[in-house]
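The values are calculated or read from the model by the stated rules, or taken from the named source; none is laboratory data. Treat the numbers as computed from the prediction; the structure is a model and nothing was measured. Here the Cβ positions follow ideal geometry from the backbone for every residue, glycine too, while neighbour counts run over all protein chains shown. We work out accessible area using only protein heavy atoms, side chains counted, and drop any ligands, DNA or RNA first. Shrake-Rupley method; radii C 1.70, N 1.55, O 1.52, S 1.80 Å.
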Amino acid sequence: MKPPGLAERPALKPGCRLSPASNPESLLLIPEGALRLHGPGRRILELCDGQHTLADVIDQLQMEFPSAEANRIAGEVVTYLSRLHEKGAIEFL
Amino acid sequence: MIAPPQALIAEVTHRCPMHCVYCSNPLEMQSADRELSTDAWTAIIRDAAGLGCFHLHLTGGEPLSRKDVEQLVRVARDAGLYTNLITSGLGLSRARLKDLVAAGLDHIQLSFQDSVEETANAIGGARAHAYKLRVASWIREHRLAFTVNAVVHRHNLDRLQEFIGLAEQLNADKLEIANVQYYGWAFRNRDYLMPTRAQVAKSLPIVVAAQERLKGKMRIDFVLPDYYAKYPKPCMGGWGRKLILIDPAGRVMPCHAAGVIPGLQFENAQDKPLRFIWEQSDAFQCFRGDEWMQEPCRSCERKGIDFGGCRCQAFLLTGDATATDPTCSKAPERSAVDEAVSKANRDDQLNQLPRGDWVYRIDPVMRA
Ligand code: SF4
Ligand code: SF4
C-alpha cells in the first residue's frame, strides 16, 4: 500500500471508535475486537476526525510533545496510521 | 487470575423467520415464553461491561424478532460497550435501522445464503434474498461497519466468485466466508452440506486472489471446513478464555453448542453475578487449562494453540467431551471424520438439493 500524503485527511473508519474516556483502559474499538492504545496513540487518533490533514496531525503532536525530536514524531505518526490503515481502522479522505 | 471475557454474545431469542438448514442453534430451542425480559438483559449487559467485556454481539435466532433491540443497544452504548448486530435482515425496516444507528449501533453483520436468489431462498427456507439486498442498501446510508456473512457449503461453494462479487456490489467493508460448521441443525444435515475435496481446493485460490485484488477496499475472512483441516480450530478462542454466551433463557455458556454436552450445569445470569459464573462455575472451569485433556493432546505442543479443539464436536463425534477433537489428524477417533469426508466425496446424489430429506430448522413456537 502506498504511504499516505501529507494533505490527506485521516479518519477512523465507520465502525471504529475510541473507548469512552471514562474507561479505565484506553482502547480503539473495531469490529474484530479492540486495540490497546499506548503513549500518544489516543491523542493521534483523536485528531483523526476527517478534518485535520496528516500534516496538521503531525504539527499538533510536535507542539504537544516539544521535547521529542520533530522528525521522529512525524515518522512515528505516519507509521502508526499506515499500520491502522492496513488493519482497516483508518481511512484517508 | 482468570482474564475477563472480551465479548458477550447475547442470544436474545431463538425465534427466527428463516429456517436455514445449517442453523447452529440447538435442536432444543428456547421458546418465546422463556425469553428474558428487557430489564433482565439490561442488567446483564451492564454486568458484562463491569466484568471487562468490551464487545456485545446481539444474535439469535433473529435478534430483531424482539422489539427491544434498540433499547438494548442504547444500554450497551451507555455502558461503554461496542455493539454488533448479527441479523438475517428480516425484521429490519429503513426506519428501524435508523433508530438502531441513533441508539449507537457500531457494526452490522448481514447474512446471505447464496448469490443466486433461488438457491438462497431454498437454503434459508424463506423468500428473503431480495429483501436482504434492500437492507444492504439502507445500511450504506449510515456510517457504521458493514459485514456480509456468507455461509458456504456443498450447494453454493461453486459460486464463491459470484458471492464475493455480491459483497463487493453491496459495498461491504468486510466479507466473512464461513464454511458451515456441523452443530445443531447443520449436524443433522451434515451429509448434504459437506463440500467435496475438489470444491474446497478450488475455493482457496479464489479467496486468495480476491483478498489481494480488494486490499484496502474490502477485507475477506475465510473459515475452512474443519473436517478438511489438519488441525482443529481453537474453538471460541479456547473454552472460557475470550467469550461468554448467554442464551435466550439466561443460561450462561462458554459456547453456543455447549448444551449438547451431558452433565454440564449452566448457571443463570439472573441468579448470579457474571464474574462469579465466569471465574468459578463448573461449566466454565471444567475445560480450562489442560488437566482434563487426554493423550495425544496433553503432551502435544499445539495444546496452547488449539486447546485440543472443540469440546462439543468431540462429544458429537465420539460421545466423550474430553476426547481429542476428531478433526485433528492426530486424533485416535479421526475415522469418524474420515468416514463423513469420504461419503461426501463418493456420493454424487448429495449434489442435488435434497427434497424432503433434509431438515429445515423449525421456529420455536410459544409453548404456553
Ligand atoms: S442460521 Fe438462519 S435460521 Fe438460524 S438463526 Fe441464523 S438466520 Fe435464523
Ligand atoms: S493432538 Fe490435541 S492439541 Fe495436538 S493438534 Fe491435535 S487437537 Fe490440538
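So the values come out like this:
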quantity	calculated
Cα centroid separation - segment B:305-355 against segment A:22-93, whole Å	46 Å
Spin-label model distance (nm) - B:GLN161 vs A:GLU25, 7 Å beyond Cα toward Cβ	4.4 nm
Solvent-accessible area per residue for segment A:10-92 (1.4 angstrom probe, square angstrom)	50 Å²
Antiparallel %, DSSP beta bridges [both residues in chain B], to 5	10 percent
Whole-angstrom gap from segment B:230-279 to segment B:183-210, using each part's C-alpha centre	27 Å
Over chain B, relative contact order from alpha-carbon pairs under 8 Å, at least 6 apart, %	21 percent
DSSP beta bridges in the protein assembly as shown [antiparallel fraction, %, rounded to 5]	30 percent
Segment A:4-49: GluC sites (Glu not before Pro) in DSSP coil with no more than 13 other Cβ atoms inside 10 Å	A:GLU25
Contact order normalised by residue count of chain A, Cα under 8 Å, 6+ apart, percent	40 percent
Carbon + sulfur, % of accessible area of chain B - ligands and nucleic acids excluded, 1.4 Å	50 percent
Chains A and B, summed buried accessible surface - 1.4 Å probe, Å², nearest 100	1400 Å²
Spin-label model distance (nm) - B:TRP138 vs B:GLU118, 7 Å beyond Cα toward Cβ	2.9 nm
Percent of beta bridges antiparallel (DSSP, segment B:170-281, rounded to nearest 5)	40 percent
Whole-Hz ³J(HN,Hα) from phi, Karplus 6.51 cos²θ - 1.76 cosθ + 1.60, for segment B:19-34, glycine and proline x	9, 3, 6, 10, 4, 8, 4, x, 5, 8, 8, 7, 7, 4, 6, 9
Top of B:GLU118, B:GLU176, B:GLU62 by mean-square fluctuation, Gaussian network on chain B, Cα under 10 Å	B:GLU118
For segment A:10-92, the fraction of alpha-carbon pairs in successive 10 Å shells from zero, as %	18, 53, 28, 2
Fraction in percent of alpha-carbon pairs per bin - 10 Å, segment B:53-121	21, 50, 21, 7, 0
Peptide-level mean, for A:32-40, of C-beta atoms on other protein chains within 10 Å	2
Additional length obtainable on full extension of the chain from B:MET1 to B:ASP338, 0.36 nm per residue less Cα span	117.4 nm
C-alpha center-to-center spacing [segment B:112-129, segment B:67-82] in angstrom	30 Å
13 Å cut-off, amide nitrogen to a point 7 angstrom out along B:ASN345 Cα→Cβ, residues in segment B:150-172	none
Pair A:GLU46, B:LYS215: separation of 7 Å Cα→Cβ label points (nm)	3.4 nm
Rounded, prolate or oblate (a/c below 1.5 giving rounded, otherwise prolate when a/b exceeds b/c) for segment B:169-243 by Cα gyration tensor	oblate
1.4 Å probe accessible area per residue over chain B, in Å²	42 Å²
Hits among lysines - C-alpha to C-alpha of A:LYS87 under 19 Å, sequence gap 8 or more where chains match	A:LYS2, A:LYS13, B:LYS174, B:LYS215, B:LYS217
Per residue Cα convex hull volume in Å³ - calculated over chain B	141 Å³
Label zone at A:ALA55, where the point sits 7 Å out along the Cα-to-Cβ direction: segment A:1-22 residues whose backbone N lies under 19 Å	A:3-11
Partner chain coverage, peptide A:13-20 - average Cβ within 10 angstrom	5
Where trypsin sites (Lys or Arg not before Pro) fall in DSSP loop in segment B:29-81, at most 10 other Cβ within 10 Å	B:LYS67
Residues in segment B:77-97 occluded by at least 10 Å² - accessible area, probe radius 1.4 Å, against chain by itself	B:ARG77, B:GLY80, B:TYR82
